[in-house]
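Below is one structure, written out as structure tokens, with a few remarks after it.
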Amino acid sequence: MGILFAAPQLEFEEIREQWLAAVGELAARGVFVGGQAVQEFESAFARYSGTAGAAGVGNGTDAIFLALKALGIGPGDEVITATNTFVATVEAIHHTGATPVLVDCDPDSYLIDSQQMKDRVTPRTKAVIPVHLYGQMVDVEQWLSWADGKGIAVIEDSAQAAGARLNGKPAGSMGAAGCFSFYPDKNLGALGDGGAVVASDMALLSEIRKLRNHGGETRYTHEIPGYNSRLDAIQALALSMKLRRLDEWSEHRRRVAGLYEHYLGGIPEVVLPAHRGDESHVYHLYVIRVPIGSRDEARRWLQKKGILTAVQYPLPVHLLPAFRHLGYRRGDFPVAEFCAERILSLPIHIGMNEEAVAYVAMHLKEALEFAQSGANRK
Ligand SMILES: Cc1ncc(COP(=O)(O)O)c(C=O)c1O
């Protein structure tokens, strides 16, 4: 049995005929960037997200960058986020000219440590970016009144959490802006790069719409120096079609996660991810922890059995060469560093069933026993 790690190709099969027909019509009209397909997706995604509007952009990194720029964040400002995120969150802060301030995470959920985030606030802090990591939402609601009183904007990095809801509130709907990536592997994935910002402040959205399109909402207006970061129409078509299936697919991912919990529960070397057991987790990734030193050998063993795995992420941002200039050192964020050496992402996608989960669990057990016996032999 071969088990893919992620399976955007299976999702594509679900929309293939409808999308090909729609692309044919679009191409015949000659509208490839922006236009009706993008507007329709933006309206549908804003409705889904419970916000007044949405602005499609080129990718998730730009979604965060443009939201920060639209909020006026730049040199001299500080923006706090987690060190255990995909590098893009921090890149987006860096490119505004603001200083990224990193904090550690919770060892059970891997989500940003809220107390540390509050402790790192200075008079220069202009925004905080909770990352809904692996598809699980940070309890943003608890941050809002705290942040409001200090004039700090909360920007939700929702790149991994499309479809998640905390107490009925969709990811991205609570902060000043919610930023999404539609990279193909994401829970709501395009057939190439794409992203969006959702917000309820129409002035903020208008600013983002200018920034994404050379500084003007309409052609040749150029009110401010902008960028080129727009959503392609053929991506918007695919996203509209997949958005209609998103809740069903999130439910499937939650079922697969429940099966993992069942099948992996008895393996002593495996630490399962903590979760609230509700819709606030959409399992973009299913991340377990295994004993230090076992992981790479276990991954090789699993690969021989046709099971693809990944590590998200092997190094927290504060240890990446790109952000050495921030001045952090090994030991600064012990929880994130501890986790980075032990985390292992198992396959999870709409093509997985109970048989596949049982197969992964059986081979993981063998793999860990093998890796441990190797460690004992040394
Ligand atoms: C947490 C997080 N933030 C931001 C991004 C950036 O999105 P993109 O790759 O679409 O630029 C990603 C996607 O990989 C992500 O996982």
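Within the range 334-378, work out how many residues are in contact with a Lys or Arg (Cβ under 6 Å, 6 or more places away or on another chain) and modelled with pLDDT under 95.
Adding up the residues that qualify gives 0.
Looking at the range 310-328, can you tell me whether even one residue there is under 19 Å from the mean Cα position of the chain (by Cα) and in a strand (DSSP E or B)?
yes
Does I80 meet the test of being among the hydrophobic types (A, V, I, L, M, F, W, C), within 16 Å of G178 (Cα to Cα) and modelled with pLDDT of 95 or more?
Criteria met by I80.
Got a sec? Which of G97, G76, G50 is under 24 Å from H275 (Cα atoms), more than 18 Å from the chain's Cα centre (by Cα) and open to solvent by 20 Å² or more (accessible area, probe 1.4 Å)?
None of the others qualify; the one that does is G50.
Only residues that are without any contact (Cβ under 8 Å) to a residue 40 or more places away in the chain and open to solvent by 20 Å² or more (accessible area, probe 1.4 Å): list them for the range 149-166, please.
Hits for the range 149-166 are G149, K150, G151.
Given the structure, is D232 away from the ligand (no atom under 16 Å from the Cβ) and in contact (Cβ under 8 Å) with a residue 12 or more places away in the chain?
Spelling it out, it is not the case that D232 is away from the ligand (no atom under 16 Å from the Cβ) and in contact (Cβ under 8 Å) with a residue 12 or more places away in the chain.
Looking at the range 20-71, which of its residues are among the β-branched types (V, I, T), away from the ligand (no atom under 16 Å from the Cβ) and either part of a helix (DSSP H, G or I) or not assigned by TED's automatic domain parsing to the domain that holds L211 (or both)?
Selection gives V23, V38.
Take R230 and decide whether it is modelled with pLDDT of 95 or more and surrounded by 18 or more Cβ atoms within 10 Å (Cβ to Cβ).
yes
In the range 191-218, which residues are touching a strand residue (DSSP E or B) at 6+ places or on another chain (Cβ under 8 Å) and either within 15 Å of the ligand (Cβ to nearest atom) or not assigned by TED's automatic domain parsing to the domain that holds R230 (or both)?
Across the range 191-218, the qualifying residues are G192, G194, G195, A196, V197, V198, R212.
Looking at A336 and the list (1) under 30 Å from W249 (Cβ atoms); (2) small (G, A, S); (3) in contact with a helix residue (DSSP H, G or I) (Cβ under 7 Å, 6 or more places away or on another chain), which single condition is not satisfied?
Status for A336: all satisfied but (3).
For the range 167-183, which positions are within 16 Å of the ligand (Cβ to nearest atom) and either open to solvent by 10 Å² or more (accessible area, probe 1.4 Å) or basic (K, R) (or both)?
Scanning the range 167-183 gives G175, S181, Y183.
Applying the selection to the range 107-162, what residues are within 16 Å of the ligand (Cβ to nearest atom) and aromatic (F, W, Y)?
If the condition is that a residue be within 16 Å of the ligand (Cβ to nearest atom) and aromatic (F, W, Y), then Y110, Y134 are the ones that fit.
When you scan the range 235-243, do you find a residue that is in contact (Cβ under 8 Å) with a residue 40 or more places away in the chain, out of contact with any helix residue (DSSP H, G or I) (no Cβ under 7 Å at 6 or more places or on another chain) and open to solvent by less than 60 Å² (accessible area, probe 1.4 Å), even just one?
Yes, some residue in the range 235-243 is in contact (Cβ under 8 Å) with a residue 40 or more places away in the chain, out of contact with any helix residue (DSSP H, G or I) (no Cβ under 7 Å at 6 or more places or on another chain) and open to solvent by less than 60 Å² (accessible area, probe 1.4 Å).
The values are calculated or read from the model by the stated rules, or taken from the named source; none is laboratory data. For clarity, every value in this text was computed on a predicted model and none was experimentally measured. Glycine also receives a Cβ, built like all others from the backbone with ideal geometry; neighbour counts cover every protein chain displayed. Calculation scope for accessible area: heavy atoms of the full protein, side chains included, ligands and nucleic acids excluded. Shrake-Rupley method; radii C 1.70, N 1.55, O 1.52, S 1.80 Å.
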